[in-house]
1. Report, ordered by chain and residue number, the lysines lying within cross-link reach of residue 166, taken as a straight Cα distance under 22 Å and ignoring same-chain residues fewer than 8 apart.
2. When the accessible area of the stretch 70-110 is computed with all protein chains present and a 1.4 Å probe, what percentage of it is carbon and sulfur?
3. Kindly report the accessible area of the chain per residue (heavy atoms of protein chains, probe 1.4 Å, no ligands, DNA or RNA), in Å².
4. Using a Gaussian network model on the chain with a 10 Å cutoff between Cα atoms, which of 167, 221, 150 fluctuates the most?
5. Quick one: length gained pulling residue 142 to residue 191 fully straight, 0.36 nm per residue minus the C-alpha distance?
6. Distance in nm between label sites at residue 156 and residue 76, each 7 Å beyond Cα in the beta-carbon direction?
7. Rounded to the nearest 500, what is the 222 nm mean residue ellipticity of the chain from helices alone, with -39500 (n - 2.57) per DSSP H run of 4+ residues and division by all residues?
8. Where does the longest stretch of the chain lie that holds no trypsin sites (Lys or Arg not before Pro) found in a DSSP loop with 16 or fewer other Cβ atoms within 10 Å?
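The values are calculated or read from the model by the stated rules, or taken from the named source; none is laboratory data. Because the structure is a prediction, the values reported are computed rather than measured. Cβ coordinates were reconstructed from backbone atoms using ideal geometry, including for glycine residues, and neighbour counts include every protein chain displayed. These area figures cover heavy atoms from the full protein model, side chains too; ligands, DNA and RNA do not enter into them. Shrake-Rupley method; radii C 1.70, N 1.55, O 1.52, S 1.80 Å.
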Amino acid sequence: MATRIVQQVLYLEVANRLRASIQAGELAAGEWIDEVRLTQEMGISRTPLREALKVLVSEGLVRLEPRRGCFVNQLAERDLDDIFPLMAMLEGRCAYEAARKATDADLQQLEPLHDRLRELAAGGQVDQYYAANAVIHEAIQALADNRWLSDLIDGLRQVLSLSRHKSLALPGRVAQSCAEHLAIFAAIKARDPDAADRLTREHLMRQLDALHVLAKRDTLSQNPLQPGIAPQGDTTEVATQNTGE
C-alpha cells in the first residue's frame, strides 16, 4: 500500500513540474514532448511520466497524437473566443462575491498588491507585472469563497496559461490593464458588486481584443500584401479601437 501511494505522489509531482515548464514557456506551444529526454533529466521511469502526461491531457495542456506522441497544446483564435467569455463571466462573479464579502482586513491585504501592480506597470516590467496580476486575480477569487466557482476558473486558467501573457505585448496594454485592475479594486472597496462584476468582465474581454490585434499583426508580418489588414504603421490605431488603450 505504501509503495502505491509513493507512486501516486511521484506522477503528480512530475505533472506539476511539466505544468510549470509549460506555463513558463520552457516547453513551448506546439512542441513535441521528448519522453526519453525527460525521463533522463528527472531520473524517473516512463510509467510516472506517462501518468503525468495523462493528467495534462485531461487539463487541456497537452494533446496525444497516435503514433506521434504528446505535444504541448496550442490555442487557436477560436479557442480563445470560446474560453474568454466564460472566464469573463466566472471571474466577474468572483469580483461580485468579493465586493459583497470582503472585510476591512481583506481590503487592507489587497491594497499593497495593487500598489505593487501600479509600480510594475509604471516601470514597464512585463514579466513581474504578469505575476503580480495573477496574484490579484487569485486573491479576489479567494475572497469570493466559492469552491465550485474556483474549480471552474482554475481549469480554464490552466488552459489559458498556454497563451501566457501575450496580450501584454500590445503597446499600451500594461498601463490599461493596470487601470482596469485599479477600477475593479475601487468597486470592491465601495462594496459595489454590480460594478465589480461589470468591470472584471470588461477587463477579460479587453485581453481577448488585444490578442486579436496581435494575431492580425502576426498575420500581416507573414503576409504583407494580404488585403483587408491595416498596414504596420496603423497598428496602434487598431489597438486603440479594439482594447481601449
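1. 216
2. Carbon plus sulfur share of accessible area: 46 percent.
3. Here the residues of the chain average 54 Å² of exposed surface.
4. Looking only at 167, 221, 150, the biggest GNM fluctuation is shown by 221.
5. My answer for the length gained is 16.0 nm.
6. So the two model labels end up 2.0 nm from each other.
7. My calculation for the chain gives -24500 deg cm²/dmol from helical runs alone.
8. 69-163
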